[in-house]
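See structure below.
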Amino acid sequence: MDLWFTEYQTPAVGLACRVTRTLLRQKTAYHDMAILETEAFGRMLVLNGAIQLSTADEFVYHEMLAHVPLQAHGRPRRVLVVGGGDGGTVREVLRHPSVEEVVLAEIDQEVVSACQAYLPEVAGGLSDPRVTLAIGDGVAHVESHPGSYDVILVDSTDPVGPATRLFSREFLESCRRALRPGGVVAAQTESPFYHREVMARCFSDFQATFPVTGVYLAPVPTYPSGLWSFMVGSLGPDPSRPADLDGLAAGATRYYTPEVHRAAFVLPRFVQELVGLVQPAVRP
Ligand code: AG3
């Protein structure tokens, strides 16, 4: 039988993958969830039709969401992950020797359980003694923890449904208040090809909220357009520079290196224009 899953990334574009096994299909309170085995990308977590990760390329996304802000901070001890119920971001955070506690504020317990069952290489870190699971509303968690975290990582789904509030200026404000001095916030902020308005609005919100901000990019083949963006807001450290400390063991990562960290902030002209870092050029 020839089974295919297609994510419709726009009404006119889809990414179609041949499915060798459907491991799970479940309706939760928040998501229509599937875990699929695909021929091209390994296992995949799909929520409401959108690919959240594949075991072939999740390392790029999770390493870049976690290590850029953690390395910029230098000595993170308490870290919050909002969303990210698959555990991939937490797994990367745990690689930092200075980290003492990671809190995962995820709204959907069923996503956590499914990933623990079917994606152990992604979710395995969730049983680490340094990890606390806070199942519930991430916005409420951030609001009720002022001055608590060195680094906050927003590992959300697309800005539709439950995740919409994670893309609001009020939420960023609460994140700033939840930071300790010198703290850093990073968020996944969609594709510069398909989500220009989201990126433009998000970056102006970051700039209005944090004294130091940055935008960086990484390739994620299974996400819409394959080019993904992240934004970072800092109360002190320059986010584009890894602190001069030997935080990560050499060889612990497959995508992230200090050189990749700095290079990821070098933006193509059209991305600089769309987030307002340069004036749009007048082109013939
Ligand atoms: N969160 C970002 C997924 C966005 C992908 N969008 C899409 N496929 N339409 C990923 C969660 C992984 N921890």
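The values are calculated or read from the model by the stated rules, or taken from the named source; none is laboratory data. Since this is a predicted model, take the numbers as computed values, not measurements. Cβ: placed from backbone, ideal geometry, glycine included. Neighbour counts: every protein chain shown. Please note that ligands, DNA and RNA were not included when accessible areas were found on the heavy atoms of the full protein model with its side chains. Shrake-Rupley method; radii C 1.70, N 1.55, O 1.52, S 1.80 Å.
Pick out the one residue from Val160, Val151, Val198 that is aliphatic (A, V, I, L, M) and open to solvent by 50 Å² or more (accessible area, probe 1.4 Å).
Just a single option satisfies the conditions, and that option is Val160.
I'd like to know if the stretch 136-150 contains one or more residues that are assigned to a helix (DSSP H, G or I), more than 15 Å from the ligand (Cβ to nearest atom) and among the polar types (S, T, N, Q).
No, because not a single residue in the stretch 136-150 is assigned to a helix (DSSP H, G or I), more than 15 Å from the ligand (Cβ to nearest atom) and among the polar types (S, T, N, Q).
Report those strands (runs of 3 or more DSSP E) wholly inside the stretch 13-56 carrying at least 2 residues which are within 13 Å of the ligand (Cβ to nearest atom) and buried (at least 20 other Cβ atoms within 10 Å of the Cβ).
Those strands (runs of 3 or more DSSP E) span 32-38, 42-47, 50-54.
Answer yes or no as to whether Val93 is over 17 Å from Thr157 (Cα atoms), of a type in the set (Val, Ile, Thr), out of contact with any Ser or Thr (no Cβ under 7 Å at 6 or more places or on another chain) and within 14 Å of the ligand (Cβ to nearest atom).
Yes, satisfied.
Filter the stretch 251-262 down to residues that are farther than 12 Å from His67 by Cβ and surrounded by 12 or more Cβ atoms within 10 Å (Cβ to Cβ), then give me how many there are.
Residues meeting the conditions: 1.
Limited to the stretch 57-90, what total is found for residues that are small (Gly, Ala, Ser) and more than 9 Å from the ligand (Cβ to nearest atom)?
Residues flagged as small (Gly, Ala, Ser) and more than 9 Å from the ligand (Cβ to nearest atom) within the stretch 57-90 amount to 3.
Filter the stretch 117-135 down to residues that are part of a helix (DSSP H, G or I) and over 16 Å from the mean Cα position of the chain (by Cα) and give me whichever is surrounded by the most Cβ atoms within 10 Å (Cβ to Cβ).
Residue satisfying both the conditions and the ranking: Leu126.
Which condition from (1) within 16 Å of the ligand (Cβ to nearest atom); (2) open to solvent by 10 Å² or more (accessible area, probe 1.4 Å) is the one that Phe230 breaks?
The single condition Phe230 does not satisfy is (2).
Scan Arg77, Arg95, Arg91 and give me the residue that is open to solvent by 10 Å² or more (accessible area, probe 1.4 Å), within 14 Å of the chain's Cα centre (by Cα) and not aromatic (Phe, Trp, Tyr).
Going through Arg77, Arg95, Arg91 in turn, just one is open to solvent by 10 Å² or more (accessible area, probe 1.4 Å), within 14 Å of the chain's Cα centre (by Cα) and not aromatic (Phe, Trp, Tyr): Arg91.
Pick out the one residue from Phe265, Phe270 that is surrounded by fewer than 16 Cβ atoms within 10 Å (Cβ to Cβ) and among the aromatic types (Phe, Trp, Tyr).
Phe270
Have a look at Ala66, Ala114 and point out the one that is open to solvent by less than 10 Å² (accessible area, probe 1.4 Å), within 22 Å of Gly226 (Cα to Cα), touching a Leu at 6+ places or on another chain (Cβ under 8 Å) and of a type outside the set (Asp, Glu).
Exactly one residue qualifies, and that residue is Ala66.
To keep it simple, each residue is scored yes or no on (1) away from the ligand (no atom under 16 Å from the Cβ); (2) surrounded by fewer than 24 Cβ atoms within 10 Å (Cβ to Cβ); (3) on the phi > 0 side of the Ramachandran plot; (4) polar (S, T, N, Q).
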site: Thr213; (1), (2), (3), (4): yes, yes, no, yes
site: Ala218; (1), (2), (3), (4): no, yes, no, no
site: Pro221; (1), (2), (3), (4): no, yes, no, no
site: Leu245; (1), (2), (3), (4): yes, yes, no, no
site: Ala249; (1), (2), (3), (4): yes, yes, no, no
